[in-house]
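Every number here is computed from the coordinates shown, using simple stated rules; none is lab data. Keep in mind that this is a model prediction, so the values were computed, not measured. A quick note on method: Cβ atoms are made from the backbone with ideal geometry, for glycine too, and the neighbour counts reach across all protein chains shown.
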Amino acid sequence: MVQIYEYWTAKKVDNKVPVDASKLKSRSVVVTGGSSGLGAGYVQGFLDAGAYVTNLDLKPNQAHEGNPNYQYCHADMTNWDQQLQGFKAAFANSPSKSIDIVVANAGIAIHDDLFQLDDAEEPTKPELKIIQVNTIGVAYTVKLARHYFNKGDQSRDKVLILKASLAGYLDLPGATQYNASKYSVRGMLCNLRKSDLARCNLLAPWAIPTPIIPDEVKPIMEANMKSRGSDWAHLEDAVKACLRLAADDSINGRALGIVPRYVDKEGYIDVALDDLDRDDLKWMYLKG
């Protein structure tokens, strides 16, 4: 019999509640992909709150050199050993000898040839780098987070924050691997939120003009969005949502969508698309 936790009874996140950053002071945080884009924003937000931050990335961020609360560890997300060394360093650098918050942020969006038709007689083997980074790399981060959550002080609030995308909720033609990888992260949320080891929440950003989007593509995307009455979401709103999930120990199993401010002036909303309706087929199957 499958054990069912009451995760679906959790209330939707009220985005009008301000972030209590005081709860993040002296907490030990790991951010993957924290040298640029959203990850750099998360790192800065946690440092501003007085947390100890370890950034696992391929390239360093020079902005925080000399800050005793910050350390950088070189890590390829597809390399288990490099991620492991980063977590070891985070644990060792924590005054409380604990890892409290992990933000699985690292991800890529590159050309996807998975369903590209070839003119040759035989198809070429597809490059699966997106899956390797966005799914397998995140799985490595999840494994390490759970290990170190369990190793540290069990009285401290622990939370795993998964970075997916609204592409995990929408069709994205032409980006098969990216679409699938973000759905896979959403699946991790639905599984991990049932654990009593740590809270688990998810961030699902709309398009934000960060380095993950090539400069030559940004004006094309912007024109396309504006022609449809849409616009970019804001990095600072993604940071606010991340800190809210980290600081508010009442939030578990929720996904926050980072949206343009015309959708909601706070810049983020509870997606509310990952809950079971007790009357649907899934509920009937699960209850036996």
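Distance between Cα centroids, the range 191-220 to the range 29-92: provide it in whole Å. When both Cα centres are located, 17 Å separates them. Restriction of the chymotrypsin sites (Phe, Trp or Tyr not before Pro) in the range 53-107 to DSSP coil positions whose beta-carbon has at most 10 other beta-carbons within 10 angstrom yields no sites.
Where in the chain is the longest stretch that carries no GluC sites (Glu not before Pro) classed as loop by DSSP and with at most 10 other Cβ atoms within 10 Å?
Values: sites that count: E65, E121, E216.
In the chain, the maximal stretch lacking such sites is 122-215.
Lysine pair count for the range 117-211 with Cα-Cα distance under 27 Å and sequence separation of 8 or more or different chains is 16.
Tell me the mean residue ellipticity at 222 nm calculated for the chain from its helices only (DSSP H runs of n ≥ 4, each -39500 (n - 2.57), averaged over every residue, nearest 500). Show your work: numbers first, answer last.
Values: 7 runs with 87 residues, N = 288.
Theoretical 222 nm ellipticity from helices: -9500 deg cm²/dmol.
What you get for the chain, charging only the Cβ of Lys and Arg (+1) and of Asp and Glu (-1), is a dipole of about 1180 debye around the Cα centre.
Taking label points 7 Å from Cα along the Cα-to-Cβ direction, K218 and D275 give a separation of 3.7 nm.
What is the sum of charges, Lys and Arg at +1 and Asp and Glu at -1, for the other residues whose Cβ falls under 12 Å from the Cβ of Q177? The answer is -1.
Remark: the range 215-232, residue by residue, has Karplus-estimated 3J(HN,Hα) of 4, 6, 8, 4, x, 5, 4, 5, 4, 5, 5, 5, 5, 9, x, 10, 6, 5 Hz, where x stands for each Gly or Pro and the curve is 6.51 cos²θ - 1.76 cosθ + 1.60 at θ = phi - 60°.
Computed from backbone phi with θ = phi - 60° and the Karplus coefficients 6.51, -1.76 and 1.60, the 3J(HN,Hα) list for the range 30-42 is 10, 10, 8, x, x, 8, 8, x, 4, x, 5, x, 5 Hz; x is used for glycine and proline.
Residues whose amide H lies under 5 Å from that of V53, counting only those 5 or more places away or on a different chain, are V29, Y70, Q71; hydrogens are built 1.01 Å from N in the peptide plane.
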